[in-house]
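The values are calculated or read from the model by the stated rules, or taken from the named source; none is laboratory data. A quick note: this is a predicted structure, and the numbers were derived from the prediction, not measured. FYI the Cβ positions are ideal-geometry reconstructions off the backbone, even for glycines, and counts take in every protein chain you see.
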Amino acid sequence: MSLVGRVIIEQLEVHAYHGWHAHEEQFGQPFTVDLELEADLLREAASDDLQHALDYAAIVSATRTLFVEKRYKLVEAAAAALAQGLLARFPRVASVHVRVRKLKPPIPERIAAVGIDLHLARADLAKLNG
């Protein structure tokens, strides 16, 4: 028996240095990251014990490190690297849904955000890396 569910983290705010333009690389900018990590949650549901769970704080810490430690020109590349890194760090996770929003894009029109939304299943990792 399994109990497939998703751990959800919404609107994690991070300051990172992704972007095509020199000022984005130099000064960075704010991003928000939304995550859904799909896994079998039967063990933690049955035990009601944090040691059996996908720890939200550990996911947030890993996300911050993965998203900020390396600089990318494109948000697509940063989001894909984040998804791959989360799957590598959390082996119980079957798939990751990542949404990254650049809150202050270098676009003259008034706009709330731009970004990327992607889904990566563990089964597709070989295709992405091969």
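Determine, yes or no, whether Leu50 is of a type outside the set (Lys, Arg), within 18 Å of Ile9 (Cα to Cα) and out of contact with any Lys or Arg (no Cβ under 7 Å at 6 or more places or on another chain).
Answer is yes for this residue.
Restricting attention to helices (runs of 4 or more DSSP H) lying wholly within the range 1-76, give those where 2 or more residues are surrounded by 17 or more Cβ atoms within 10 Å (Cβ to Cβ) and at pLDDT 95 or above.
56-68
Checking Val100 against (1) under 18 Å from Pro30 (Cβ atoms); (2) more than 10 Å from the chain's Cα centre (by Cα), only one condition comes out false. Which one?
The number of the failed condition is (2).
Step by step: first the residues of the range 100-130, then only those that are basic (Lys, Arg) and in a loop (DSSP other than H, G, I, E, B), then the one that is surrounded by the most Cβ atoms within 10 Å (Cβ to Cβ). Which residue is that?
Restricting to residues being basic (Lys, Arg) and in a loop (DSSP other than H, G, I, E, B), the top hit is Lys104.
Being touching a Phe, Trp or Tyr at 6+ places or on another chain (Cβ under 7 Å) and not β-branched (Val, Ile, Thr): is that true of Lys127 here?
Spelling it out, it is not the case that Lys127 is touching a Phe, Trp or Tyr at 6+ places or on another chain (Cβ under 7 Å) and not β-branched (Val, Ile, Thr).
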